[in-house]
1. Quick check, is V91 among the hydrophobic types (A, V, I, L, M, F, W, C) and either under 19 Å from R37 (Cβ atoms) or at pLDDT below 95 (or both)?
2. For the stretch 107-138: of the residues being outside any helix (DSSP H, G or I) and in contact with a Phe, Trp or Tyr (Cβ under 6 Å, 6 or more places away or on another chain), which is modelled with the lowest pLDDT?
3. Kindly provide the set of residues from the stretch 71-90 that are touching a residue at least 60 places away in the same chain (Cβ under 8 Å) and either in contact with a Pro (Cβ under 9 Å, 6 or more places away or on another chain) or of a type in the set (D, E, K, R) (or both), ordered by number.
4. Determine which member of the set R115, R37, R56 is at positive phi and of a type in the set (K, R).
5. Test I104 against the criterion of being under 22 Å from A68 (Cα atoms), out of contact with any Phe, Trp or Tyr (no Cβ under 6 Å at 6 or more places or on another chain) and buried (at least 17 other Cβ atoms within 10 Å of the Cβ), and give yes or no.
6. For H164, work out the one condition from (1) farther than 25 Å from Q38 by Cα; (2) in a strand (DSSP E or B) it doesn't fulfil.
7. Would you mind stating whether P58 is at pLDDT 95 or above, in a loop (DSSP other than H, G, I, E, B) and over 11 Å from the mean Cα position of the chain (by Cα)?
8. When the residues of the stretch 74-101 are narrowed to those that are among the acidic types (D, E) and exposed (fewer than 15 other Cβ atoms within 10 Å of the Cβ), which ends up nearest to I42 (Cα to Cα)?
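The values are calculated or read from the model by the stated rules, or taken from the named source; none is laboratory data. Bear in mind the structure is a predicted one, so any value in this text is a computation, not a measurement. Here the Cβ is made from the backbone with ideal geometry for all residues, glycine too, and neighbour counts use every protein chain on show.
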Amino acid sequence: MTPDPSLERTAPGKPRQPVKTAISTRVLPADGVPVLRQLLGIFGEAFEDPHSYTKRQPSDAYLAKLLASDTFVAVASFADGNVVGGLAGYVLPKFEQARSEFYIYDLAVAEPFRRRGVATELIKTMKLEATKRGIHVLFVQADCGDAPAVALYTKLGTREDVMHFDIPPSDGAA
């Protein structure tokens, strides 16, 4: 990401503040497992659910296979060589037409780097990757009370009001 000469908006209606660190963003390759593990920590912290994201992580081989697959993409942002944000999601081949869609499953930015355009750059990088892969559209969910996420996604796309339901695969499973 190349900030505007060294200034970037921090939040709607707030004055611009200096950006102290350059941010770079890239799609993770199959050997990006260490970075993906760092992203899991950022997701756990941002979503206030570190246990789900860090306590039972799969093996390196599993994560490398996932990163090498055609149906999963992870994008990471870096500042001074450290992971500061990322998104992960899934390519969904469609059956009604010969095309795919991309579902942004998780997107988070470490607290000190929020409101600096990092999430926008993550999505821009994913949009470029989607274009390379011939993906028709990207879509994402946002919780109703998550005003920053809703504002970001409204700026970048078209809002659809839908309901989400979790359906267990069996009566006893969660």
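1. On the way: among the hydrophobic types (A, V, I, L, M, F, W, C): yes; either under 19 Å from R37 (Cβ atoms) or at pLDDT below 95 (or both): no.
Spelling it out, it is not the case that V91 is among the hydrophobic types (A, V, I, L, M, F, W, C) and either under 19 Å from R37 (Cβ atoms) or at pLDDT below 95 (or both).
2. Restricting attention to the stretch 107-138, the residues satisfying the condition of being outside any helix (DSSP H, G or I) are 107-110, 114-117, 134-138.
Next cut, in contact with a Phe, Trp or Tyr (Cβ under 6 Å, 6 or more places away or on another chain) only: 108, 135, 138.
Working: A108: 95, I135: 95, L138: 92.
Ranking the candidates gives L138 first.
3. Within the stretch 71-90, V84 is the sole residue that qualifies.
4. On the way: R37 fails: at positive phi; R56 fails: at positive phi.
R115 is the lone residue from the list that is at positive phi and of a type in the set (K, R).
5. Values: under 22 Å from A68 (Cα atoms): yes; out of contact with any Phe, Trp or Tyr (no Cβ under 6 Å at 6 or more places or on another chain): yes; buried (at least 17 other Cβ atoms within 10 Å of the Cβ): yes.
When the stated conditions are applied, I104 passes them.
6. (2)
7. Values: at pLDDT 95 or above: yes; in a loop (DSSP other than H, G, I, E, B): yes; over 11 Å from the mean Cα position of the chain (by Cα): yes.
Here the answer is yes, as P58 does meet what is asked.
8. Going through the stretch 74-101, the residues among the acidic types (D, E) turn out to be 80, 96, 101.
Within this subset, residues satisfying the condition of being exposed (fewer than 15 other Cβ atoms within 10 Å of the Cβ) are 80, 96.
Numbers: D80: 16, E96: 36 Å.
The extreme case among them is D80.
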